[in-house]
1. Can you pull out the residues in the range A:30-67 that are within 14 Å of another protein chain (Cβ to nearest Cβ) and farther than 22 Å from residue A:87 by Cβ?
2. I'd like to check something: does the range A:136-154 contain any residue that is touching a strand residue (DSSP E or B) at 6+ places or on another chain (Cβ under 8 Å) and away from chain B (no Cβ under 14 Å)?
3. Among the residues of the range A:25-38, how many are surrounded by fewer than 16 Cβ atoms within 10 Å (Cβ to Cβ) and farther than 30 Å from residue A:169 by Cα?
4. Is one or more of the residues making up the range B:180-187 over 30 Å from residue A:47 (Cα atoms) and within 14 Å of another protein chain (Cβ to nearest Cβ)?
5. Name the residues in the range A:75-90 that are modelled with pLDDT of 95 or more, more than 15 Å from the chain's Cα centre (by Cα) and part of a loop (DSSP other than H, G, I, E, B), would you?
6. Taking residue A:170 as meeting all but one of (1) at the interface with chain B (Cβ under 10 Å from one of its Cβ atoms); (2) not in a loop (DSSP other than H, G, I, E, B), write down the number of the exception.
7. So is residue B:82 within 18 Å of residue A:141 (Cβ to Cβ), in contact with a strand residue (DSSP E or B) (Cβ under 6 Å, 6 or more places away or on another chain) and surrounded by 13 or more Cβ atoms within 10 Å (Cβ to Cβ) or not?
8. So how many residues does the range A:1-43 have that are outside any helix (DSSP H, G or I), at pLDDT 95 or above and on the phi < 0 side of the Ramachandran plot?
């Protein structure tokens, strides 16, 4: 199962099987059932999570009591509240399994030890974060630039795997839309003459 | 002047004066006058920029012809279209000097050479990007969670230096607000009884 991480590391840096065994020992492998909470808002953010199998989302609850999804991660994606993780502070966010999920979690302290022992993993994380930060800036551009309908179709075209696996109401939440609105634009577009 | 970068590197990793001289040779030092364009949208994104002195912003032009600011950077901040820079693709964004500005720019190719020659700089960028990505996720949270007025006051409280140096209409644009709206909430709050 942890071969996912081995393959993902080797996409960006060269890691031998022998080194990977040592690298893996810094992580805890954990399983969660569909809908199970992985992280509670208000807790100390001390873990960074790599999705080996399944799907998870990070969300907060707004003052109307509505869950608002900020990140969705499937296999090979990392998830945490990166600012709180960096500062070793409390997180404002929950993380929950959308499907039955297996993750590899690493504490802040163990990540520091891992990076000291295997400095090449710095390059791996630098690349991952560079891409993620860039993608996050593009998401802000879309939120400013596109109509709600365009945001929805742009996302489903760009990430068809997410659109297929993740429930509609979570995609709506992730894109800052209501589930009713997404259902409406889907209906409108299904009924549109070709 | 380039001492800014030396100090900033040493905030996260240990770099000697001798190594810094070599590191600096990978960069081009460039000066721009207030309002001068540094990067044109549609051009190949091959440079990452570190602000030594001054202030710059990254923006796109929406279909109504309005400039929408996505990033603002003062001293010690990095700026580029990180996704296009990673992919060596074309950028959708302009970068312009808000004040008379001096930057250090590095090409994608030279950054790779720099990181090969000084692997410890990976840790520097990994940390910078980890913080930036985390901050970007928090910005999306604020866009979803806070009222327009709350977004404005949250930003000006959290980044007083930006609020002081950057023209109101650019802060408005960065926060997804109109300049008229910012002027209105400022007026309303100045007139509020204490």
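The values are calculated or read from the model by the stated rules, or taken from the named source; none is laboratory data. A quick note: this is a predicted structure, and the numbers were derived from the prediction, not measured. Glycine gets a Cβ as well: all are built from the backbone with ideal geometry, and neighbour counts include every protein chain shown.
1. A:57, A:62, A:63, A:64, A:65, A:66, A:67 - these are the residues of the range A:30-67 that are within 14 Å of another protein chain (Cβ to nearest Cβ) and farther than 22 Å from residue A:87 by Cβ.
2. Looking only at the range A:136-154, we keep the residues that are touching a strand residue (DSSP E or B) at 6+ places or on another chain (Cβ under 8 Å), and these are A:137, A:140-141, A:144-145.
Still in the running and away from chain B (no Cβ under 14 Å): none.
Checked the range A:136-154: no residue is touching a strand residue (DSSP E or B) at 6+ places or on another chain (Cβ under 8 Å) and away from chain B (no Cβ under 14 Å).
3. Residues that pass the stated criteria total 2.
4. No, every residue in the range B:180-187 fails to be over 30 Å from residue A:47 (Cα atoms) and within 14 Å of another protein chain (Cβ to nearest Cβ).
5. A:89
6. (1)
7. no
8. Selection size over the range A:1-43: 21.
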